[in-house]
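Notes follow once the structure below has been shown.
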Amino acid sequence: MRAAPTILHLDMDAFYASAEQAAKPSLRGKPVVVGGLGPRGVVATASYEARRFGVHSAMPMAQARRLAPNAAYLVPRFALYRSVSDQVMELLGRLSPLVEPLSLDEAFVDLEAGGTADDTASALEIGRQLREAIEAVTGLSGSVGLAGSKMLAKIASEEAKPDGIRVIEPGTERELLAPMPVRTLPGVGPATADHLRRAGMTTVNDLAEAGEAELVRLLGKAHGGSLHRMAFGYDDRPVVSERDAKSVSVEDTFDIDLHDRVRVRTEVERLAGRCVQRLRAAERSGRTVVLKVRRYDFSTLTRSETLRGPTDDPAVVREAAARLLEAVDTTGGVRLLGVGVTGLADFTQEDLFAQAAGERAEAGLADGAEEGAQATEEGQGRADAEPGPESAEQLAARRWPAGHDVRHDTHGHGWVQGSGVGRVTVRFEEPGSEPGRVRTFRIDDPALRPAEPLPLVREPPDYSSWPASLPKSRSGGGAPGAESRP
Ligand SMILES: [Mg+2]
């Protein structure tokens with residue numbers, strides 16, 4: 001815990017949906033829902049207009065359609081979101097070497113470690129300039145929270161939403177948290193909240209008053225103890241940059257779900273290779289290999305395998321990841337794959353050679369088990385054989401996902417508004433254009449082709465010298481209380 005609010009939490013506002021609204025001028029101010037559109041799909045992000053109908057992330061798509069039948073329903077375009085995320089993370093990296101990304105659109109930044117802020121006034125100034133920079137470069141808005149700890153910085157950005165900035169002055173945490181629901185605290189999910197409610201505790205204040213012994217009795221030593229500390233606003237977790245992280249991982253999200261098992265395996269092996277490159281660049285090695293798979297319906301699972309000793313051998317990591325994949329059902333399609341290595345250690349060269357040899361032997365032993373797993377998988381494939389040939393409608397939806405980019409020889413750049421019965425409807429517009437017109441084509445029209453997303457801002461301003469012109473405003477003279485302009 002520090003005396004100045006120099007931990008910044010940035011959270012882009014309704015990120016995927018806002019990116020879609022920026023890219024598709026006809027959707028500005030309209031309800032937009034991004035997510036899996038299949039029968040088991042869930043909402044990834046809803047625009048603020050859609051949230052007014054009660055739609056929220058993780059809700060089954062069918063329920064969202066009932067609540068907001070007139071919203072635009074779009075399949076995510078991760079290539080676009082990733083490129084915007086890179087722009088945002090680049091700006092954050094200018095503020096501090098300690099940037100801890102939590103997802104594509106969310107990160108902690110330690111401003112004090114970066115020398116960019118050391119008190120309330122300078123932190124607020126940086127926060128404001130960051131929001132301006134993000135808007136100018138990406139065309140999107142992000143909310144900023146500032147506090148003396150990660151937990152409170154995140155709460156502050158939540159309170160700032162949408163399109164705002166909020167500071168929580170160190171010393172005011174206890175009072176601020178007291179009336180908030182227990183779910184506000186990190187690590188309190190629906191089950192814990194339910195448990196606490198049955199014990200008569202619904203607010204953070206209830207937790208603080210219950211005392212540590214009671215919380216430990218209810219939730220166990222680790223969870224109860226940490227909850228008690230957090231109820232008083234106490235959180236001393238540092239902002240951890242990737243370089244100092246306890247794990248190294250890489251992941252890729254695919255714009256179109258992968259259905260081919262061989263392709264899935266190839267991607268996993270490629271990711272394992274990239275992961276080891278990063279591991280080696282950091283001069284680390286690790287003991288546990290982790291595979292992450294997000295399926296077409298956004299359900300996500302992780303599987304891990306712990307080796308006998310740390311490794312940075314690409315073959316060992318690749319084989320472990322492939323073994324883990326064998327036990328995962330990917331029928332229906334895969335949207336995201338990730339490979340990580342945790343349990344990191346610094347290694348010596350001699351250890352490494354010895355271990356790599358040992359693990360190759362171990363991997364060889366596991367080959368028999370692998371074949372067994374493959375046989376099971378094939379058996380399942382037959383049992384769950386496709387219910388029938390793909391309908392024309394399914395085929396059209398797979399070929400022309402709603403919301404994805406297209407280019408037409410005559411009409412130029414547009415996006416798929418809908419498809420079915422051998423037809424695809426396209427709206428011809430692009431970032432920065434006027435709302436465009438709709439035209440319908442046969443799904444096999446040779447003049448129509450899938451296209452790459454266009455950048456949301458055509459010529460972003462140059463921020464390469466930012467924030468050099470904004471040193472710490474120690475002498476700014478503004479009392480902390482005066483810093484509440486939006
Ligand atoms: Mg967000």
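The values are calculated or read from the model by the stated rules, or taken from the named source; none is laboratory data. Model, not experiment: these values are computed from the prediction. Note: ideal-geometry Cβ built from the backbone for every residue, glycine included; neighbour counts use all protein chains shown. The protein model used for the area step is the full one, side chains on, heavy atoms only, and it has no ligands, DNA or RNA in it. Shrake-Rupley method; radii C 1.70, N 1.55, O 1.52, S 1.80 Å.
Summary table
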{"quantity": "Checklist (1) over 30 Å from D118 (Cβ atoms); (2) within 16 Å of the ligand (Cβ to nearest atom); (3) more than 16 Å from the chain's Cα centre (by Cα) applied to A19, failing item", "calculated": "(3)"}
{"quantity": "Positions within the range 74-95 being in contact (Cβ under 8 Å) with a residue 24 or more places away in the chain and either on the phi > 0 side of the Ramachandran plot or within 16 Å of the ligand (Cβ to nearest atom) (or both), in sequence order", "calculated": "P76, F78, L80, Y81, R82, V84, Q87, V88, L91, L92"}
{"quantity": "Output for the range 430-449, where each listed residue is open to solvent by 40 Å² or more (accessible area, probe 1.4 Å) and not in a loop (DSSP other than H, G, I, E, B)", "calculated": "R437, V438, R439, T440, R442, R449"}
{"quantity": "Qualifying positions in the range 151-168 - touching a helix residue (DSSP H, G or I) at 6+ places or on another chain (Cβ under 7 Å) and surrounded by 18 or more Cβ atoms within 10 Å (Cβ to Cβ)", "calculated": "M151, L152, I155, I165, R166, V167, I168"}
{"quantity": "The lone exception for T253 - which of (1) assigned to a strand (DSSP E or B); (2) farther than 30 Å from M59 by Cβ it fails", "calculated": "(2)"}
{"quantity": "Segments classed as strands (runs of 3 or more DSSP E), wholly inside the range 5-84, with at least 3 members that are of a type in the set (V, I, T)", "calculated": "32-35"}
{"quantity": "Residue in the range 22-41 that is within 16 Å of the ligand (Cβ to nearest atom), open to solvent by 40 Å² or more (accessible area, probe 1.4 Å), touching a strand residue (DSSP E or B) at 6+ places or on another chain (Cβ under 8 Å) and modelled with pLDDT under 95 present", "calculated": "no"}
{"quantity": "Candidate set: the range 1-16, residues that are more than 15 Å from the ligand (Cβ to nearest atom) and not β-branched (V, I, T); chosen: the one nearest to D235 (Cα to Cα)", "calculated": "M1"}
{"quantity": "Where a residue in the range 130-152 is more than 19 Å from A22 (Cβ to Cβ) and its partner, wherever it lies, is part of a loop (DSSP other than H, G, I, E, B) and at pLDDT 95 or above, with Cβ under 6 Å and at least six apart", "calculated": "L146/P5; A147/P5; A147/I168; G148/P5; L152/I168"}
{"quantity": "Verdict on L8 being open to solvent by less than 10 Å² (accessible area, probe 1.4 Å) and of a type in the set (A, V, I, L, M, F, W, C)", "calculated": "yes"}
{"quantity": "Single match in R274, R261, R270, R287 (criterion: in contact with a Pro (Cβ under 7 Å, 6 or more places away or on another chain) and open to solvent by 20 Å² or more (accessible area, probe 1.4 Å))", "calculated": "R287"}
{"quantity": "Filter pass, A113 being over 30 Å from L454 (Cα atoms), open to solvent by 40 Å² or more (accessible area, probe 1.4 Å), in contact (Cβ under 8 Å) with a residue 24 or more places away in the chain and small (G, A, S)", "calculated": "yes"}
{"quantity": "Residue within the range 454-474 that is modelled with pLDDT of 95 or more, more than 30 Å from Q129 (Cα to Cα) and either over 32 Å from the mean Cα position of the chain (by Cα) or buried (at least 17 other Cβ atoms within 10 Å of the Cβ) (or both) present", "calculated": "no"}
